[in-house]
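Written below as structure tokens is the structure these notes are about.
Every number in this text was worked out from the coordinates using simple rules, so none of it is lab data. These numbers were taken from a predicted model, which means no experiment stands behind them. Because the Cβ atoms are built from the backbone with ideal geometry, glycine has one as well, and the counts that use them run over all protein chains shown.
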Amino acid sequence: MRVEYINPFVEAAFDILKEVLGDDVQRGELYLKSTSKAVMGVAAFVGLAGNVEGRVLFDMSMETALAIASEMNGETLTTLDDLGKATITELANMITAQAVTKLHDLGFTFDLTPPAIFTGENMEITDNEVEALIVPVIVKQGKIEINVAVRERT
Amino acid sequence: MKTKMDFPSINERKPEGQGDGGQAYKVLIVDDSMFVKKQITQILSSEGFEVVGTAGDGLEGLEKYKELYPDVDFVTMDITMPKMDGISSLEKILEFDKDAKVIMVSALGKQDLVKKALLIGAKNYIVKPLDRVKVLERVLQSIK
Amino acid sequence: MNALEDKVESTVVEKIENVDYKMVTFSLAGKDYSIDIMKVREISKATHFTYVPNSLPYVKGVYNLRGDIISIIDLRTMFNLPSVKSEKDGSDGSDEIIILRLDDYLLGIIVDSIDKVVGISSRTIQPPHPIFGDINIKFIQGVVEKDSKLYIILDVESIFGQDAEDVEVTSVDFHQNEVFNENKPEQLNMGFISETLRTFSKFNVTDLNNKWVEKRFNEWKNLKGNSSKDLQLHSEADSEEFLSRFYSPDTGRFWSDDYRNLVYPFLNDIPGGSIRVWNPGCGKGYETYSIAALLSDKFKDSSIKIWANDKDLMSISNAPNLVVDKQTLPEYMDNYVIPVNNRFQFSKNIKDIILFEYHDITHPNTFPEVDIIIARDVLSFLGYSEQLRMINEFKEKLKADGILIIGRNEELPDNEWKRINGNNITVYKKIV
């Protein structure tokens, strides 16, 4: 992944999570991954378009998703209902949008598509021919893996 | 999102959402996220505003505005939505009612996007995550 | 104790013929332990684990080893041994870690301190006896005495429950170094050199660089004398010294004028117009900027694009914004830099033609076909099967007339690649 794209995603994740969930946001070490990936239980997707194509995937366990959605709504959710799902997708949307905004300031025109969310056990995301950057973030509610796969339109 | 301020007691101070006649300002909320609609509803109703309608995309937003008109004082408009995005919807609403007060609410904060929306005629632009204080401030700025 | 001393004596005498087992030694709660070097992938100093909640107490966390996520086990906790060092949870202090390869599974173990690689005769390994360890006997492969030290050899398979299984990947024209033919001490020594190069410097000996390693080993023998003990590489420093002759000219810095002149003639065959370059393993970017300047000088009216990538996040992150001092800057760069304070930054005309990417070359990529591939001293630091895969990838990505520049001391199979002559520079074209 192009070096210039990395920081905007890392910073956006950190800033938004800190603002929305309070303190205690820790960044794990970045790394690269290829091949299909087993999802932890809940996956929110935001598409990227423009001079690049790709997507950002937010991967977390159901427990973490419930805890985060509860915190963001100021009430305890016991199942990930429509409201819970909308909350997680909004989180994904905010992080991606802020990254896209930062990238724009750097001169890269990205656009994002409305987010989608998938839940289920034993789900696997298969990307053909794609390498992804993994940004692990650890919050009080658990771990979120932000998986960014983006490539230039050649 | 938890509100950070205590609700002011209604007896001590008039809620900002009510005009001089005691009548609540009416708002149409356009956003494809159930969570955001709930957030904005909570912030505005707690301050006395009345939510008269919601829509999940730009097209529905335009139609609802036309239906509600003239009993709608302002609109909060998301940008990234399916079917018709917020900027196009803004344009169309202004075509229909040149005095419409539309406030953009978006996670995208790109400078040129903000400028574009304001140039087309949006009254204000709020970047998410939403903060109760910021939302109320900007809304009141726009409707007065 | 005398019997033991006698035993040590005789071991010294026989040692030259019988060293057929090497182990990495370390200490744990004041005692000396060791592990068969064949099970050790590398050693590392880790400063930053990611703590994993709800895991077993001896699992200290996980560690990102250049993209592989491996569990880190604290052997002291696992074996209930007292911690000699002050309480560190591994996430601030730095711990010495031995990375084990079991089957195709990697695991890291924290130890008190890693000592060195020791060679012994496998005949001197004694079966485990309960008196020799603080840990369960089933985890001990044996014990051995060397230089008055008693080492407890850990059976890592039994500790971590894996079955040792060797998967050999061979291709007709490209081989890994063969190890451990007991009857050929020469081969044995080369085998040990290969293992230690891999452990300490992540350098893999294969047909790519075998010739050089053998040549260097002969030089090394003359340097170090003929005693088997001195020949072996006992530490990272030894390994680095051995490899110091391997690297291509101007590695890790701007190309000198001499090197530029070496490369220049090979560019004559490249059609102008649109030039595409792939520079994997570009590190901090000095090589990339050098080739960018050279191509811009030679092909003034062409559109040039260079894809430069590296797996080292720190190095590659700084590459687009590299700032250099006057002393480091060669004259040929003058047209491509702008002064900033007392130093120099690269100007837009050269930055625009380079795309620096954080990328693992063994992962799928989206680079187009290219005219030039510059991968100097990169392949030797990949595992054997990765080397094979990358060489194939180079073949696919290189245009018919394109050139591939690899390390000065590396070479490719001659049934697939045609070497173009040059001193101090290794250039190939593919045989279509």
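Per-residue Karplus couplings for the stretch B:66-74, computed as 6.51 cos²θ - 1.76 cosθ + 1.60 with θ equal to phi - 60°, are listed in order as 4, 5, 6, 3, x, 8, 9, 8, 7 Hz, Gly and Pro entered as x. Remark: the stretch C:185-243 is approximated by an ellipsoid whose semi-axes, taken from the C-alpha gyration tensor as √(5λ), come to 16, 13, 10 Å, largest first. R0 = 22 Å: FRET efficiency of C:S235 with C:F381, Cβ-based, nearest 0.05? Result of the calculation: an efficiency of 0.70. Starting from the Cα gyration tensor of the stretch C:272-374, take the square roots of the eigenvalues, sort them a ≥ b ≥ c, and report rounded, prolate or oblate (rounded when a/c is under 1.5, otherwise prolate if a/b is larger than b/c, else oblate). Oblate is the answer for the stretch C:272-374, as a/c is 1.5 or above yet b/c matches or exceeds a/b.
For chain B, adding -39500 (n - 2.57) for each run of n ≥ 4 DSSP H residues and dividing by the number of residues yields -12000 deg cm²/dmol at 222 nm.
Net charge dipole, the stretch C:257-430: roughly 220 debye, given to the nearest 20, about the Cα centre with Cβ charges of +1 for Lys and Arg and -1 for Asp and Glu. Pairing the Cα long axis of helix B:34-45 with the longest principal axis of chain B, what angle in degrees results, from 0 to 90 and rounded to the nearest 10? Helix B:34-45 sits roughly 40 degrees off the main axis of chain B.
Do any of C:K305/C:K351; A:K85/B:K37; C:K116/C:K221; B:K92/B:K134 go past 18 Å between their Cα atoms, and which? Over 18 Å Cα-Cα: C:K116/C:K221; B:K92/B:K134.
Calculated [222 nm] ellipticity per residue, helices only, for chain A: -12000 deg cm²/dmol; basis is -39500 (n - 2.57) per DSSP H run with n ≥ 4, divided by all residues, nearest 500. Near A:I117, the amide H atoms lying under 5 Å from its own belong to A:F45; only residues 5 or more places off or on other chains count, and H is placed 1.01 Å from N. For the stretch A:60-154, applying the loop criterion from DSSP together with a ceiling of 13 other beta carbons within 10 Å to the GluC sites (Glu not before Pro) yields A:E75, A:E121, A:E129.
Hey, what's the per residue convex hull volume over the C-alpha atoms of the stretch A:20-154, in cubic angstrom? Provide the component values of the computation, followed by the final result.
On the way: hull volume 14.6 nm³, N = 135.
It comes to 108 Å³ per residue, whole-number rounded.
For the pair C:N210 and C:D401, label points projected 7 Å from Cα toward Cβ lie 3.5 nm apart. Charge tally for B:L118 (other residues, Cβ to Cβ under 15 Å; Lys, Arg +1; Asp, Glu -1): +4. Can you tell me the orientation of helix B:86-96 relative to chain B, as the angle in degrees between its alpha-carbon axis and the longest Cα principal axis, to the nearest 10? Between helix and principal axis, roughly 90 degrees.
Dividing the convex hull volume of the alpha carbon atoms of the stretch C:257-430 by its residue count gives 116 Å³ per residue.
Centroid-to-centroid, using Cα positions, the stretch C:219-295 and the stretch B:122-144 are 59 Å apart.
With both residues required to sit in the protein assembly as shown, DSSP beta bridges show an antiparallel share near 70%. Relative contact order, whole percent, for the stretch B:26-143 stands at 23, derived from Cα pairs under 8 Å and 6 or more residues apart. Computing Rg and the Kirkwood Rh from the Cα coordinates of the stretch C:328-432 gives a ratio, Rg/Rh, of 1.05.
Given the C-alpha centroids of the stretch C:383-427 and the stretch B:28-97, what is the distance between them in whole angstrom? If we compute the Cα centre of each part, the gap is 61 Å. When +1 charges are put on Lys and Arg Cβ atoms and -1 charges on Asp and Glu Cβ atoms, the dipole computed for the stretch A:1-111 relative to its Cα centre reaches about 480 debye.
Contact order normalised by length for the stretch C:185-243, with contacts defined as Cα pairs under 8 Å and 6 or more residues apart; what percent is it? Mind dumping the intermediate values first?
Details: 32 pairs, mean separation 24.4, N = 59.
Normalised by residue count, the contact order of the stretch C:185-243 is 41 percent.
Note on the protein assembly as shown: Cα Rg divided by 2.2 N^0.38 Å, N the number of residues, gives 1.18. Residues whose amide H comes within less than 5 Å of that of C:I73, counting only those at least five positions distant or on another chain, are C:K60, C:G108, C:I109, C:I110 (H built at 1.01 Å from N in the peptide plane). Per residue, the convex hull around the alpha carbon atoms of the stretch B:26-143 comes to 87 Å³.
If I take every Cα pair under 8 Å that is 6 or more residues apart in the stretch C:257-430, average their sequence separation and divide by the length, what percent do I get for the relative contact order?
Details: 276 pairs, mean separation 38.0, N = 174.
Here the relative contact order equals 22 percent.
Residue by residue along A:102-113, Cβ atoms of other protein chains within 10 Å of the local Cβ number 2 on average.
Within 10 Å of each Cβ in peptide A:83-95, how many partner chain Cβ atoms are there on average? Round it to a whole number, please.
Details: counts 4, 2, 3, 8, 7, 1, 5, 11, 3, 1, 10, 8, 1.
Per residue, the average neighbour count from other chains is 5.
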